[in-house]
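Take a look at the structure below.
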Amino acid sequence: MDMARVNFVLHGHSVSPGITIGHAHLVSSARLEVAHYEVPEPGIEYEVARFDAAVGKVRDELLEVGKQIPADAPAEFGAFVDLHAMILNDPSLASVPKTLIREHRCNAEWALIQQMESLVAQFDAIDDPYLKERKADITQVVERVLKALLGRPGTVEPNLSAEKQLIVVAHDLSPADMLLFKQHAFGGFVTDVGGVTSHTAILARSLNIPAIVGLHHARHMIREGDLLIVDGIQGVLIVAPDAIVLAEYQLKQSQHELERKKLRRLKSTPAATLDGFPVELFANIELPQDMPEVLENGAQGIGLFRTEFLFMNRKDLPGEEEQFEAYREVTRAMEGKPVTIRTLDIGADKALSGEAYTMPNPALGLRAIRYCLSEPQMFLGQLRAILRASHYGKIRLLIPMLAHAHEIDQTLLLIKEAKASLDASGEPYDKGIPVGGMIEIPAAALALPMFMRKLGFLSLGTNDLIQYTLAIDRTDDAVAHLYDPLHPAVLQLVSQTITRANRAGVPVAVCGEMAGDPRLTRLLLGLGLRNFSMHPAQLLAIKERVLKTCVADIQPMAARVLRSTDSRRTQELLLKLNS
Ligand code: PEP
Ligand code: MG
């Protein structure tokens, strides 16, 4: 660590609790996608050759692109190809990474990204707007070389134990970037931007590593290798801490780990309140790879399988067969316990690879069921895959983002069509598969009887319900402070949905982030909720709250929280409810 570095503190929004101490690892999105590892001494020249070959390949590609430009194309086309060729051949890109490989023994991709970031930083410092713009060209050229490199993957695996000590510092990360984190074992991550219920944050939580978003200037102020403390409980990042602060946090960290260990004892304890109400605690997953954690935490079912993550970080869409395998794998692992598979919720912040959203407001655009109904063939493939997997366990089909009766009708018709095609080919499936709907648009919560008439169960997606009720983009940290699960309007919609569904005997769950927040467990129990679905990592903490709650005792206080129209008073009442 640089001894002259003075410690400082940055404040952001905590997205994943816990404390981690480690060294800063600055990344851009592109950098995350490449492995970074130390090359053993005998492999250095091979690595240099790999780099040279990739540069050569891109040089040929650019020549080819240049040749194919039509004669009548605007002059800028040719100029752009020339510029890219010039950047590629400049020693700062064609030679410096080789020095980095030789001197620091980093793999070719890592060396290239490091050099790109150093060049981009130099361009950032220039005042000339034209030159500033050129950094996009550098990034594009680097991406081409990276692609060429990735076509010939290296043979050395990254050193996972070293990664654990690293804290990723990024300006922004997309949900697709976060998926790539799953292949690494970083100690924590912090970003400048992002909302606490963005899908990036949700994925960070599912990784169960301390994380903070909305730090604004972390990427600029922190240097590679700086010692960092991520306090994911308070949402505080401490850079270059002194010895006293460090010792204090080491103690806090071991206390936190001790508490988590204690919670593990609750794994097989049935979840029920003190006055005997059984409560179902289900898990949310993104990929079949999440299953070990689900089982370790004793989930009684899967309440939300976000299938769109099977569709991300790839050029092609997963076919019916591949999806079927994934759904069956999860279903088999749950051994007869319910598995709620949500149909594709693509759109908004979850983009398909290479798909640039040009719609004016993606969160209000062709997202989730709207997208699926506009692509019936793709949707039918998914429905068939889910139905086929239902033969191997207890699957429930969940439809996201419903607002209109005709969307439900169209979906049910397509399910019927998918069933008919399976009947025709004699493939087995659960004929009584329940079909439910997400209640995550205020219109759906307000027009609940229409949903209850047509669907077998409901799941409250509070992340979107809050986003759409309060008109707050969940991915935008500029309005993150307005994202309020305790807003009276939100609580009214949540409470009404639970009460009406309970009264009608329609199963209802909450699968948004509210379900995994221990500060809200008693409130939701008091409002009548008996099924919570959350990240597996949160499950035992929520179970502990359930086990310590007597519904009859807390109900009057929960009703007072619901009636409160003053936010300070709401906080006070919530504190009392939780004491
Ligand atoms: C929600 O909106 O609360 C939800 C569970 O779905 P997602 O977070 O995937 O939008
Ligand atoms: Mg949602």
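Observations
- The range 183-216, residues that are of a type outside the set (S, T, N, Q), assigned to a loop (DSSP other than H, G, I, E, B) and either within 16 Å of ligand 1 (Cβ to nearest atom) or in the same structural domain as ALA480 (by TED's automatic domain parsing) (or both): GLY194, GLY195, VAL196
- Residue that is farthest from LEU295 (Cα to Cα) [pool: residues in the range 311-345 that are out of contact with any Phe, Trp or Tyr (no Cβ under 9 Å at 6 or more places or on another chain) and of a type in the set (Asp, Glu)]: ASP316
- Hey, THR269 closer than 24 Å to ASP553 by Cβ, crowded, with 18+ Cβ neighbours inside 10 Å and in the same structural domain as LYS337 (by TED's automatic domain parsing) or not: no
- Filter pass, VAL490 being in contact (Cβ under 8 Å) with a residue 40 or more places away in the chain, among the β-branched types (Val, Ile, Thr) and either more than 22 Å from SER14 (Cβ to Cβ) or crowded, with 16+ Cβ neighbours inside 10 Å (or both): no
- Subset of the range 525-541 [within 13 Å of LEU281 (Cα to Cα) and either among the polar types (S, T, N, Q) or surrounded by fewer than 24 Cβ atoms within 10 Å (Cβ to Cβ) (or both)]: LEU525, ARG530, ASN531, SER533, ALA537, GLN538, LEU540, ALA541
- Counting only helices (runs of 4 or more DSSP H) that sit wholly inside the range 433-502, those with at least 2 residues that are within 16 Å of ligand 2 (Cβ to nearest atom) are 442-446, 462-470.
- Pairs with Cβ under 8 Å, 6+ apart, first in the range 301-312 and without any contact (Cβ under 8 Å) to a residue 24 or more places away in the chain, second more than 10 Å from ligand 1 (Cβ to nearest atom): LEU310/LEU287; LEU310/PRO318; LEU310/GLU322; LEU310/GLN323; LEU310/ALA326
- Residue satisfying condition, being away from ligand 1 (no atom under 16 Å from the Cβ), in the same structural domain as LEU413 (by TED's automatic domain parsing), crowded, with 19+ Cβ neighbours inside 10 Å and over 22 Å from the mean Cα position of the chain (by Cα), within set PRO376, PRO338: PRO338
- Residue match in the range 488-506 (condition: farther than 18 Å from GLY436 by Cβ and of a type in the set (D, E, K, R)): no
- Condition check for ALA515: assigned to a strand (DSSP E or B), within 16 Å of ligand 1 (Cβ to nearest atom) and small (Gly, Ala, Ser): no
- Inclusion of PHE451 among residues that are touching a Pro at 6+ places or on another chain (Cβ under 6 Å) and away from ligand 1 (no atom under 13 Å from the Cβ) is not warranted.
- Of the residues making up the range 121-132, those that are at pLDDT below 75 and within 22 Å of VAL96 (Cα to Cα) are LEU131, LYS132.
The values are calculated or read from the model by the stated rules, or taken from the named source; none is laboratory data. The shown structure was predicted, so the numbers you read here are calculated from the model rather than taken from an experiment. With ideal geometry, Cβ positions are generated from the backbone for all residues, glycine too; neighbour counts draw on all protein chains shown.
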